[in-house]
Amino acid sequence: MHTSARTSPPQETPVDQHAVYRHLALREFGADLRLGLNLAFYRTFAVPAIARLLLDTGELTERTRKRADDTGLFMYELIAHGPDHPRGRQVIAALNRIHRVYDITPDEYRYVLGTFVFIPTRWIDRYGPRRLRADERAATWHFYREVGRLMNIRDLPDTWAEFEDWFNAYERANFGHDEAATRLIDATRDILASRFPRPLRRFAAAAADALLDEPVRRALGVPKPNPAVRVTVHLLLRSSGRVRRWRRTPESFFTPGQPARTYPDGYILEDLGPDPVRPVSRR
């Protein structure tokens, strides 16, 4: 008598979440995510307590270019290698060493982490060649949850939706204008200009203002942009996204240790960050 062998259901291959996020961050959405991360950093200026701390360290006003380059290189080292890679662990250790001298509240840590999750994602969904898929959002969330865990950022919500609800509520409760934000914006405008697509760089100040939503503009003391400028900027960015939809995925634009503006001969991880770290008192 013939008997058929029982077959086991196919096993799903575990998704390499970091590989998914690395691909979208370094290749498919490289330029979009880089600008989104820059806008995320500027958004933290809208929280007066964070703006005052950033101003008091002196890093953004006295060593503006180095501070901006170091922040970007730290982020892309983590993205390229992953937080569990030895090089990623070295970055996490450096970030923890830098931040532990400051009196940063748990909510401030959570909020800054949230800007890296939500602001680049919203930018891509609005101006990128396509919207992110659910698996790409999951990979983004997985990546930053792991970064948060290694930086001892506690009580992160369990889901993207819960974190986004918390993030939006934090902004409603904490956004406000402070003179520190104005000084930070004035010190860093040229750096933001260099992140824009080439056709927009000569108009970068107006373009940047046009991309800020009303609560952020009020908190930063930025005047409301001319409606014609705002419409033009949005149309150009959306047109750029549609054009890039049909282009071949570019090669990764980040190579660890590569030359940078602050490091024309390349860098090692020990070069990154303030030396020494200057403690400040919260006001």
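Taken together, the values in this text are just the output of simple stated rules run on the coordinates, not laboratory data. Nothing here was measured: the structure is a model prediction, and the numbers come from that model. Neighbour counts run over all protein chains shown; Cβ positions are idealised from the backbone, glycine included.
Quick look at the numbers
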| item | result |
| --- | --- |
| Surface/4 estimate of mean projected area, convex hull on alpha-carbon atoms of the stretch 68-148, nm² | 6.1 nm² |
| The stretch 144-191 versus the stretch 22-51: alpha-carbon centroid distance in Å | 11 Å |
| Segments 134-146, 98-110 sorted - mean Cβ within 10 Å per residue, highest first | 134-146, 98-110 |
